[in-house]
1. Can you name every residue in the range 183-192 that is surrounded by 15 or more Cβ atoms within 10 Å (Cβ to Cβ) and in contact with a Gly (Cβ under 8 Å, 6 or more places away or on another chain)?
2. From the set of residues in the range 101-115 that are of a type outside the set (S, T, N, Q) and farther than 25 Å from residue 51 by Cα, which is surrounded by the most Cβ atoms within 10 Å (Cβ to Cβ)?
3. How many of the residues making up the range 87-130 are among the aromatic types (Phe, Trp, Tyr) and in contact with an Asp or Glu (Cβ under 7 Å, 6 or more places away or on another chain)?
4. Scan the range 120-163 residue by residue and report those that are under 16 Å from residue 84 (Cα atoms) and basic (Lys, Arg).
5. Take the range 44-70 and flag every residue that is in contact with a helix residue (DSSP H, G or I) (Cβ under 8 Å, 6 or more places away or on another chain), closer than 18 Å to residue 106 by Cα and in contact (Cβ under 8 Å) with a residue 40 or more places away in the chain.
6. With respect to residue 53, is the statement that it is more than 17 Å from the chain's Cα centre (by Cα), of a type outside the set (A, V, I, L, M) and not in a helix (DSSP H, G or I) true?
7. Quick one: is residue 180 without any contact (Cβ under 8 Å) to a residue 24 or more places away in the chain, surrounded by 15 or more Cβ atoms within 10 Å (Cβ to Cβ) and among the aliphatic types (A, V, I, L, M)?
8. Scan the range 136-172 for residues that are part of a helix (DSSP H, G or I), buried (at least 19 other Cβ atoms within 10 Å of the Cβ) and touching a residue at least 24 places away in the same chain (Cβ under 8 Å) and jot them down.
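What follows draws every value from the coordinates through simple rules; no lab data is involved. Computed from a prediction, not measured in an experiment: that's the story for all the values here. Note that we place each Cβ from the backbone using ideal geometry, even for glycine, and neighbour counts take in every protein chain shown.
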Amino acid sequence: MAEQQNILVILGHPAADSLCAGMARAYADGAQQAGAKVRFLDVGQLAFNPLFQGYGAAQPLEPDLLAAQADITWAHHLVWVYPIWWGAMPALLKGFIDRVLLPGYAFKYRKGSSLWDKLLAGRSAELLVTMDSPPWYFRWVTRMPGHHQMKKAILEFCGIAPVRTHSFGPVRTASAEQLALWVHKTRQLGQRQGGRAAPGKPRAAPVTSSASSPLP
């Protein structure tokens, strides 16, 4: 019998009663019902300083961030659920990424080279992103800066691929029926992903304890 996937759902909205929170829990429930092993990480409930001091600073990771690194290492598939605010993710989620996806854990530059090692390879990701603008406007007028940032500049940079993106909006004018349909859709997405067999054991990533890990 094929091994089921390890799925980590990461809620990046600060409010626990938000639409994103409902979508994240629906996805997790759907995946678990389909047989996947699921862990849930609510960034808004973690105890950490989201203000990154830079790679040269001695900024030890708080226990919640060390646990988050362990969860990411455990996962085959990462599901990021967050809103678009001013074209990109909330500051809290960006601070979490700055603190957790460190050199030596998520990537490592090669000495004397412009290339780097992608230390989180072997994992896939899914983005469930809400927005107040229509998705077509975000795509064709704003040119999706937040989607490109997360997919290309962050996840794929660390080796996480493929990355699938689902946009939901406009939230501001959505009816209660539409909001319920979006939550239902995310549950279906979770069921679909949770029913897939694990692609293999995720590549192990070292756990870092400080932002002062050397870049080269």
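1. First, pick out the residues of the range 183-192 that are surrounded by 15 or more Cβ atoms within 10 Å (Cβ to Cβ): 183, 185-187, 189-191.
Across the range 183-192, the qualifying residues are 183, 186, 187, 189, 190, 191.
2. Initial filter on the range 101-115 (of a type outside the set (S, T, N, Q)): 101-112, 115.
Among the residues that remain, those that are also farther than 25 Å from residue 51 by Cα are: 110-112, 115.
On the way: 110: 10, 111: 7, 112: 7, 115: 8.
Among those residues, the one meeting the criterion is 110.
3. Within the range 87-130, the subset among the aromatic types (Phe, Trp, Tyr) is 96, 105, 107, 109, 116.
Keeping just the survivors that are in contact with an Asp or Glu (Cβ under 7 Å, 6 or more places away or on another chain) gives 107.
The qualifying residues number 1.
4. Selection gives 139, 143, 151.
5. Residues of the range 44-70 in contact with a helix residue (DSSP H, G or I) (Cβ under 8 Å, 6 or more places away or on another chain): 44, 46-52, 59, 61, 65, 68-69.
Those left that are additionally closer than 18 Å to residue 106 by Cα: 50, 52, 59, 61, 65, 68-69.
Hits for the range 44-70 are 50, 52, 59, 61, 69.
6. Values: more than 17 Å from the chain's Cα centre (by Cα): yes; of a type outside the set (A, V, I, L, M): yes; not in a helix (DSSP H, G or I): yes.
Against the criterion (more than 17 Å from the chain's Cα centre (by Cα), of a type outside the set (A, V, I, L, M) and not in a helix (DSSP H, G or I)), residue 53 qualifies.
7. Details: without any contact (Cβ under 8 Å) to a residue 24 or more places away in the chain: yes; surrounded by 15 or more Cβ atoms within 10 Å (Cβ to Cβ): no; among the aliphatic types (A, V, I, L, M): yes.
Considered against the rule, which asks whether it is without any contact (Cβ under 8 Å) to a residue 24 or more places away in the chain, surrounded by 15 or more Cβ atoms within 10 Å (Cβ to Cβ) and among the aliphatic types (A, V, I, L, M), residue 180 comes out as no.
8. Initially, the range 136-172 is screened for residues part of a helix (DSSP H, G or I), giving 136-140, 145-158.
Retained after the next criterion (residues that are buried (at least 19 other Cβ atoms within 10 Å of the Cβ)): 138, 146-147, 150-151, 154-155, 158.
Within the range 136-172, 138, 146, 150, 151, 154, 155, 158 qualify.
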